[in-house]
1. Between ALA47 and LEU124, what FRET efficiency comes out of the Förster formula 1/(1 + (r/R0)^6) with R0 = 30 Å and r the beta carbon distance, rounded to 0.05?
2. Is the C-alpha gyration tensor of segment 116-178 telling us rounded, prolate or oblate? Criteria: a/c under 1.5 is rounded; beyond that, a/b larger than b/c is prolate, otherwise oblate.
3. Determine the shape class of segment 88-193: with a ≥ b ≥ c the square roots of the Cα gyration tensor eigenvalues, call it rounded for a/c under 1.5, and otherwise prolate if a/b is greater than b/c, oblate otherwise.
4. Would segment 1-94 count as rounded, prolate or oblate if I go by the C-alpha gyration tensor, calling it rounded below 1.5 in a/c and otherwise prolate when a/b exceeds b/c, oblate otherwise?
5. Take the alpha carbon atoms of the chain, find their radius of gyration, then divide it by 2.2 N^0.38 Å using N residues; give the quotient.
6. Using a probe radius of 1.4 Å on heavy atoms only, what accessible surface per residue do you get for segment 36-151? Whole Å² is fine.
7. Could you compute how fast segment 78-120 diffuses translationally, taking Rh as the Kirkwood radius over C-alpha pairs and applying Stokes-Einstein at 37 °C with viscosity 0.692 mPa s? Give it in µm² per second.
8. How large is Rg/Rh for segment 1-53, to two decimals, with Cα atoms and a Kirkwood Rh?
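The values are calculated or read from the model by the stated rules, or taken from the named source; none is laboratory data. Quantities reported herein were computed from a predicted structural model and do not represent experimental measurements. Virtual Cβ from ideal backbone geometry, glycine too; neighbours counted across all protein chains shown. SASA here: full protein model, heavy atoms, side chains in, ligands and nucleic acids out. Shrake-Rupley method; radii C 1.70, N 1.55, O 1.52, S 1.80 Å.
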Amino acid sequence: MIYAIEPDGSLRYEWLFFEDDENGRLVVREEYGDLVCPACGKIDEAAALARGIGDGFRCRTDRDLVATSEDWLCASARFREFVEASRLEGLGFVPVPHSDYHVVQPTTLVETDETAAGFENHRLCGTCGRYSERVAGPLLAGMQLPESHSVFFGSSIANENVKVAYRPCFAHEDVIDLLKSRDFDGIDFVAAH
Ligand SMILES: [Zn+2]
């Protein structure tokens, strides 16, 4: 059995890639300004993360897993330490400045057959080739599941919400049982299908 690992709460008005401009309008953070597609306004999240997380982002929570306003995941030091001590693979952690938290995302990306993965795609950008939204999928039926039971994984095809691309994180029930044994705060385990 495969589960999706989801936070059961979100940071309010804490955006990883966006900030308010002087008029109170939400814009891409200044340090990522050159990564914006001029046509649709989406940014290259991987390139942004490679530059590190801006000082302006705050992760104010005491949960072990929480979503930013654009639905990226942040995990506590306690969560990261447990994952590493348990030798679970497939997650990347990027430190959030001035905090014990990390932005976390699946780094094991499994081959995905788009025709079987159940995505609903909306409005393709002719300039960057991304959809304004890509939702509903990925279904397990379209994903080549890893043989290892001790790995977190995501789809090679990212989802898109109106703001950013993001990847839901999945794992085998063996991983879920381990996580449940540790009483983490703020994590939902949702049976994937
Ligand atoms: Zn675009």
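1. Step by step, r from the Cβ atoms, then E = 0.90.
2. Here segment 116-178 falls in the prolate category.
3. In terms of gyration-tensor shape, oblate.
4. prolate
5. After normalising by residue count via 2.2 N^0.38 Å, the value is 1.02.
6. I get 52 Å² per residue for segment 36-151.
7. 261 µm²/s
8. 1.08
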